[in-house]
Every structure is written in C-alpha cells, then in structure tokens.
Amino acid sequence: NGRNENFGVSSIAVCGSEKTVVYSALREPCARTYSVGASGAIVSDPADRNGLEYMCCFFAGENMLSIIDMEKQEIIANQNMTTKLNFWRYLPPLAHGNKLVFMLVTPMGGFHWMPLEDDSRPRRIWKRGTELLDKKFLAYEEGGSNGFPGHQSRSTVALLLVTPKTKEGTTNKSSPSSSSSVAVEAWCLHLGSSNTSPLCADPDTQGAALFRPNTLGIDDGLIAHNSNGTIGYIIRIHKLSKVPSQITDAQPSLVLDMILASTQLDMTEYSDTIYQCPSKLVMGDSPNVLVLCHDDHVVLAMRQNGLIVAYAFSEEGLSLLGMSRLKKFIVDATVRPGEIEGEIEIVALVSDSVGSDESSSTVDGQIAVVPISKGGF
C-alpha cells in the first residue's frame, strides 16, 4: 500500500553539546546528524504531516525551546520558557485543530504549544492543582473528541501516569514480577478548563491507556488499566463518564463508570523470567506495563518480562489473542496499523544489559516488530 516503513514510529533524538543525532529505527539511513547541541529533543511523527518532520529542542542554559525543520535544517520558531519544564511530548495533530502541537507540562499546568501558528504562545488547557503538583510525570496522552472536524477539532480528555511519593519522600514498590518497579498513579483530566478537577483513576496501577474501540463508538473513550492480582495482573476496561459541575461555567468532571470488561492474566509461568532494566535508562522501569490500544485491540507490553500480550475487545469482553516472548527488556513500545486491514503491529525498542555494575555494563538495543492479526500472532 506504499506505506512508509517509519509510519507511526517517531524518531529518537540523542543530544550532545555540539550536535544531535536523530535515530529512525525503520528508515535507511537510520541515523541523521544535526549541528545543534541541546539539552534534549523530541521529534514529530512524519506520518502526521505528509512526511515532514520537526524537532523540538530544549536549551536548559537559555531556558528556551526551538523548532527545527529537519528537511531544511533550519530553526523556524523559538519560545522562551518563563517557568520550569517538567515534561513534554509530541501530540497527534487532531489534539488541536490538525496543527503541529507539543504538550508542555510546567508547575502551572499543561500547555499546547503550536509553534507554526501566527499566535504561537503556549495555551494552557489544564491547571496543575495540588493533587499533581509534586508528582513526577512518566507518560501523557490525549484522547476523546469534541466532534468537530478540521481546525476546530480538539481532544477532550487526558491521561497522566505519575509516580507518587510516600511521607518519607520515596516511591512505593509494587509488582508481582519485580521488587524494583515503583507504583504508578493514573489520573484523568477533562480538557478545556482550568476549573476541572483531576480524577485519580487508579492509585496503584501497573499501566494504563485511553481506549476508543470501534465497536462502541464512544466519544470520550474508556480507560484500560491493569493492577496486581494474586498470581498476575487484572486488566479492566472502565467507561469514562462526565458529571456536571456544581460551579457556574465550569467544565464537567470525569468519573470512572461501569466496568465494560475485566480479565486476569496468569503470570505464574513468567514470574521468574526477569530482564534487567538498563542502568542508565533515565525514566527507569516504570510503568511496569505499557498499555497499547488501537481500534478493538488492547496490548500489554510487560517490560521486565519481555512479553507482549494481545487482547481483542468486544461487547462480550476481552478475549486473549496470544502472547509473544521478546526475551529482552522492553524499553519502549508503540502500536500502529498493519499493512493488511484489521491487523496491527507492535514496534518495540528492546535491550540486553550486560555487566554487573554501571561502570562495566554495555547496552545492546534492538528494534522488534510484532505483527498481530485478527486471529492472533
């Protein structure tokens, strides 16, 4: 079908003081070098903008963000930060009017930054209240739809995965497969108003994601999350519903409604198979499970177990499609449509760590592509 091999898989930017190397796993050549030294950088998905890629660079010394047109290798936009940048990520264009948009999380809240617009000032879409003020952000995604097309389209709900702190200031530890994984909180926000209250969807989850299955046609979507069971994990699909606010002109709040599906994954066979997290992985090994949703599929990437588990969702519940052992630690993973209609692919960055301590260890990174058809693996 002429699909670009890198479709749906954003590139990885590795920054140094004098240059930045952008690694595109499924493209030839896989590495491109740019003469820009930055503190960090993230790259847009070329599939979203007709093959065009933009790199957002952060310069800590100047506390400034810059956008680079990767084809022309030119800086085309700058934004001075007046507060600390806690977390950032690229968002799909549908999140805000089919535009190039980056999410910036600061102590003030979450901002959409659209650097190619005439008025490119970051726009706050949610306020960071006391519930989230001292949390470390691990992941962020937006979903739902306001029902409008084109430049009026907006996402309506956000999911945040954060690490909690105990009274002693340390993180809790909780996992059926490893004592090193910290507990993670899943929070949901209704977007578009500073007055909305965040919903703690799960105070101790192993992983979560927003989910909009084709079979139900729900606008604001569901949340798929999993928690510890006695012998493994419990996977639940909750409906997200709105509750009208008692405050005048305030947006409705979100609540977890009925459970539409639930199942238990027995990890007895895999509990002794643990792959070491690379010691220099900045974000660590949390969350323990990456939940990946596409159409009617829910896929769990069990990071320390090196295991991919796929389910099909229907009105009857969740049915197991199968499992695939990658036999390596899963650093990150994403889901994209397969080349055949109805199929999906999991693209994972996996790693072998060799060495008993940080000074002697080496890291071997590889890309794994796992196709999943309607009948399973």
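The values are calculated or read from the model by the stated rules, or taken from the named source; none is laboratory data. Not measured: the values here are computed from a predicted model. Quick reminder, even Gly has a Cβ in these numbers, built from the backbone with ideal geometry, and neighbours come from all protein chains shown. Areas reflect the complete protein model, heavy atoms only, side chains present, ligands, DNA and RNA absent. Shrake-Rupley method; radii C 1.70, N 1.55, O 1.52, S 1.80 Å.
For the reader, a short list of remarks on this structure follows.
- The criterion of being at pLDDT below 90, within 18 Å of P287 (Cβ to Cβ), open to solvent by less than 10 Å² (accessible area, probe 1.4 Å) and of a type outside the set (F, W, Y) holds for G232.
- For the residues L132, L161, the requirement of being in a strand (DSSP E or B), touching a Leu at 6+ places or on another chain (Cβ under 8 Å) and modelled with pLDDT of 90 or more singles out L161.
- Residue that is surrounded by fewer than 20 Cβ atoms within 10 Å (Cβ to Cβ) and either among the acidic types (D, E) or touching a residue at least 40 places away in the same chain (Cβ under 8 Å) (or both), where the choices are L349, L290: L349
- Scanning the stretch 115-129 for residues that are at pLDDT below 95, in contact with a Leu (Cβ under 9 Å, 6 or more places away or on another chain) and open to solvent by less than 30 Å² (accessible area, probe 1.4 Å) returns I125, W126.
- Checked against the criteria, L300 counts as within 21 Å of S351 (Cβ to Cβ), in a strand (DSSP E or B) and open to solvent by less than 70 Å² (accessible area, probe 1.4 Å).
- Any hit, the stretch 310-328, residues being at pLDDT 95 or above and open to solvent by less than 10 Å² (accessible area, probe 1.4 Å): yes
- With respect to being part of a strand (DSSP E or B) and surrounded by fewer than 18 Cβ atoms within 10 Å (Cβ to Cβ), R89 fits the description.
- Listed here are the strands (runs of 3 or more DSSP E) enclosed by the stretch 12-59 that have at least 2 residues being over 20 Å from the mean Cα position of the chain (by Cα) and under 19 Å from I367 (Cβ atoms): 31-34.
- Filter result for L65 (surrounded by 15 or more Cβ atoms within 10 Å (Cβ to Cβ), on the phi < 0 side of the Ramachandran plot and assigned to a helix (DSSP H, G or I)): no
- Enumeration of residues in the stretch 250-287 that are open to solvent by 30 Å² or more (accessible area, probe 1.4 Å), of a type in the set (S, T, N, Q) and outside any strand (DSSP E or B): Q251, T268, S271, T273, Q276, S279
- Candidate set: the stretch 95-111, residues that are under 17 Å from N146 (Cβ atoms) and out of contact with any strand residue (DSSP E or B) (no Cβ under 6 Å at 6 or more places or on another chain); chosen: the one least open to solvent (accessible area, probe 1.4 Å): G97
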